[in-house]
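Taking it in order: structure first as structure tokens, then the write-up.
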Amino acid sequence: MIITKLSGGLGNQMFQYAVGQAIAKKNKAILKMDLSGYDNQTGVTQRKYELYLFNIPENFTTADDNKKIKGREPNNLFKKILNKLHVKYNSPNYIKEKHFNFDPKILKLKDNIYLDGYWQTEKYFKDIEDIIRSEFTLKTEYSGLNPELIAKINNYNSVSMHIRRGDYVSSQSTNKFHGICSLDYYKKAVDLIAKKFPNPTIFIFSDDLKWCEENIKIKFPIIFVQGNKNYEDLIMMSKCNHNIIANSSFSWWGAWLNNNPNKMVIAPQKWFNNPNINYSDIIPSTWIKI
């Protein structure tokens, strides 16, 4: 049994599922998802499980599964002793992500492990790329999607532009960690794509369209995509010819699921504000960082 702990929003969940599935396939084991992290969400942006939208095999852990693989939590007295000694208690089967860059040892793990992390690089699941792409399709492909907008995406030289604001702006701690992409970044990204693919139509996806309408000024046609649920935005981004992403796992997946063999994907050079974090493996080598 491979257990992957789910946390965060849809994009994070997709990474956490993908790494678990990759290890499960290598070991011919069953993958189970631990949703207990959504039980008590304090001090973080409220999220919920969303992978049910996709064509994935859904298997969930029980409390007994978690204890069996992850190990039992020490009692309070033992915890106090360990804390004083600055010692962390973990079962050898409990695998905590140590850093954001790729760790090849993860793919050598055997059965009966519990994965806890974000795992934000395709290098963990590149070997089963076709499986992940097929599983991350909607159970009902165009259910709820705007057919007129899909037609425009298909008929125009479409470029998705994802502008992430929300808690990246409203939460001081989140803003300090992530930061936001500048207007200059988006302008340079559009100009770069337009040099190779003339006359693009920019489809803007954002959790703050009002701000986008007031601040995004470019010389090409713009369509502000509104009224969608977040997974609909993700799928529509993947239908565009090219993608300009934010420093967000959500738009990362919108670009990664884009099957256009000639796509150009522009990503921000700076993924996190903290210069001490190694995030060099997050952006695929074929994407352009500016």
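Name the helices (complete DSSP H segments) of the chain with a Cα length along the long axis of 20 Å or more and a Kyte-Doolittle mean of at least -0.5, or state none. Span-like helices in the chain: 10-27, 183-196.
Is the C-alpha gyration tensor of region 229-290 telling us rounded, prolate or oblate? Criteria: a/c under 1.5 is rounded; beyond that, a/b larger than b/c is prolate, otherwise oblate.
oblate
Placing unit charges on the Cβ atoms only, positive for Lys and Arg and negative for Asp and Glu, gives the chain a dipole magnitude near 900 debye about its Cα centre.
Note on the chain: helix-only mean residue ellipticity at 222 nm, from DSSP H runs of 4+ residues weighted -39500 (n - 2.57) and normalised by residue number, equals -10000 deg cm²/dmol.
Dipole of the chain computed with +1 at Lys/Arg Cβ and -1 at Asp/Glu Cβ about the Cα centre; of 99, 245, 157, farthest Cα towards the positive end is 99.
GNM on the chain, alpha-carbon springs under 10 angstrom: the most fluctuating residue among 18, 151, 255 is 151.
As a calculated quantity, the FRET efficiency between residue 228 and residue 38 at R0 = 25 Å, using C-beta atoms, amounts to about 0.65.
I'd like to compare 274-287, 20-33: which one has the highest average count of other Cβ atoms within 10 Å, and what's the full order after that? Can you show the working numbers first?
Working: 274-287: 13.3, 20-33: 18.9.
Ranked from most to least packed, the peptides come out as 20-33, 274-287.
As a rough footprinting exposure proxy, the listed residues 212, 240 were ranked by other beta carbons within 10 Å of their own, and the order from fewest upward is 212, 240. Counting neighbouring beta carbons within 10 Å and listing from fewest to most, the residues 133, 164, 47 come out as 133, 47, 164. Just want the answer: with Cβ charges of +1 for Lys and Arg and -1 for Asp and Glu, which residue in 284, 272, 199 is farthest toward the dipole's positive end in region 147-289? Of the options given, the answer is 199.
Simple point charges give the picture: +1 on the Cβ of Lys and Arg, -1 on the Cβ of Asp and Glu, and for region 147-289 a dipole about the Cα centre of about 400 debye.
Across the chain, counting alpha-carbon atoms alone, Rg and Dmax equal 20.1, 66 Å. Here each label is just a point 7 Å from Cα along the line to Cβ, and for residue 289 and residue 49 those points are 3.5 nm apart. Legend: calculated FRET efficiency, residue 274 to residue 148, from the Cβ-Cβ distance at R0 = 51 Å, rounded to 0.05, equals 0.75. Given R0 = 30 Å, the distance between the Cβ atoms of residue 155 and residue 127 translates into a calculated FRET efficiency of 0.25. Neighbour counting of Cβ atoms within 10 Å sorts the residues 203, 220, 250, fewest neighbours leading, into 220, 250, 203.
Every number in this text was worked out from the coordinates using simple rules, so none of it is lab data. These numbers were taken from a predicted model, which means no experiment stands behind them. Every residue, glycine as well, gets a Cβ built from its backbone with ideal geometry; the counts of neighbours run over all protein chains shown.
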